Every structure is written in structure tokens, then in C-alpha cells.
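The values are calculated or read from the model by the stated rules, or taken from the named source; none is laboratory data. Just so you know, these numbers come straight off a predicted model, no measurement behind them. Virtual Cβ from ideal backbone geometry, glycine too; neighbours counted across all protein chains shown. Note: accessible area is taken over every heavy atom of the protein model, side chains too, but ligands, DNA and RNA are not part of it. Shrake-Rupley method; radii C 1.70, N 1.55, O 1.52, S 1.80 Å.
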Amino acid sequence: MFKLPKMSYGYETLEPYIDARTMDVHYNGHHAGYVKNLNAVVERYPELAEKSLVWLLQNLNQFSEDIRVVVQNNGGGHYNHTFWWPQLKKNDGALPRGLLMEYIERGYHGFENFKQIFKQVALSRFGGGWAWAIYEQGKIIIYSTPNQDNPIMKGHLPFLGLDVWEHAYYLKYQNRRDLYIDNFWNVVNWDTVESRFLRVLEGKQPLEI
Ligand code: MN
């Protein structure tokens, strides 16, 4: 059975950029719901329990429609949010460092431009979804996915993700997704992102789950 991971920090930690109420509802409402729905299908089809979540997401087309839809939406939701929480920490304006910064500068002519492209991608995702930065064949690529889809489902390796579902920002930002995205950069835990980047550079999964 899949488990809701423990939060390693308090809901208020990311204030004022992400408010405590949003964190609470997002974690205990949305994420817990994805885990519950995923486990309900695992209970009906115990063979699913023998596989990792990464494997399930990479092999969605092996399942019948009724299983596939539940695993794609709720397994995707569980993966994406397990990816999300450790990626957040108030950073006092810190920038990415090391190899990650080298690849950003080489591919995007600097962090400001990288952020701008990431923002355009995140803004143009219509409805619920995620913006991602992945590493593929020597470079960083930015794109978005709908619903709870993610790059793992395409065989890609993400190292940075942004939840742009309204549930991630609506209580504080209402329709201003742009402000939420701008403030996101104040709560990126670069330690997590950099260590994931080093893993995907070597072709490893950023998250084993
Ligand atoms: Mn979410």
C-alpha cells in the first residue's frame, strides 16, 4: 500500500509566499486523497502492489482502461506531491549553484531567462497541471503536463516541478497565477533540486517511490 509521506516542516513555514491554510488543505485534503484513491485500486488489483509507483507510471498502457485512469490520476498525484513537498523551503533569494547553474546558463543564457520561460510555460497551462524542468540528452527542457500527468510517464527525468492547479494557490492568490509563480522562486529548496539534478544527469530517477 502507498503511504502519505510525513511533512518535514510546518504548514506555516513558507509564509508569506505559500500560506499555512493552503499547505494544510493541499497536503491533508488533496495529497491524502490521491493516496487513498490509489490504494483503493491496489486493494482491488493486488498485483499492482508488487510494483513501484515509478514502474506503474511508466507502464500505464499495460493496464485496462479502468485501472489506467485511476493510476494515472491518483498515482500521478501521489508522485507529483511526494516530489513537491521536499522541494519547498524559504530560500532568502538563493540561486541555483554548481552544475545546475552551469546548465541553466549554457541553455538559457542565465537564471532570469530560465525563470521567464518557466513562467510562460506555467502560465499557459490551461486548467490544472504542472510545469517541469527535465534533463534530456545534455540539456534542460521546460514543459508542462495536464492534470496529474508527469514527465515520468513519458520516460523523462524531472528535477524541478511547479504545481499550477488552483488548489495550490487559489486561497491566497485567487486568479493571480502569475504572482504565485513569481513567489515560487522564494520557496525553492535548491538543495533538493540540485541533488535531484545530479541524479537525473546520471540517468537515475529523481525520486524512488
Ligand atoms: Mn497539488
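So here's what we get for this one:
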item	result
Residue-normalised accessible area of the chain, given per residue in Å² at a 1.4 Å probe	47 Å²
Linear extension gain, Gln120 paired with Val69, 0.36 nm per residue minus alpha-carbon span	15.5 nm
Apportionment of accessible area to carbon and sulfur, segment 154-194, percent (1.4 Å)	44 percent
Hypothetical label at Ser8: residues of segment 147-178 whose amide nitrogen lies under 18 Å (7 Å Cα-Cβ projection)	159-161
At 1.567 mPa s and 4 °C, Stokes diffusion of segment 1-97 via Kirkwood alpha-carbon radius, µm² per second	88 µm²/s
Gyration tensor over alpha-carbon atoms, segment 98-201, equivalent ellipsoid semi-axes in Å	22, 16, 12
P(r) of the chain over all Cα-Cα pairs, binned every 10 Å from zero, in whole percent	8, 35, 37, 17, 2, 0
Among Pro86, Pro46, Pro146, residue whose mean-square fluctuation peaks in a GNM of the chain (springs only between Cα atoms under 10 Å)	Pro46
Qualifying chymotrypsin sites (Phe, Trp or Tyr not before Pro) for segment 1-34 [loop in DSSP, other Cβ within 10 Å: at most 14]	Tyr9
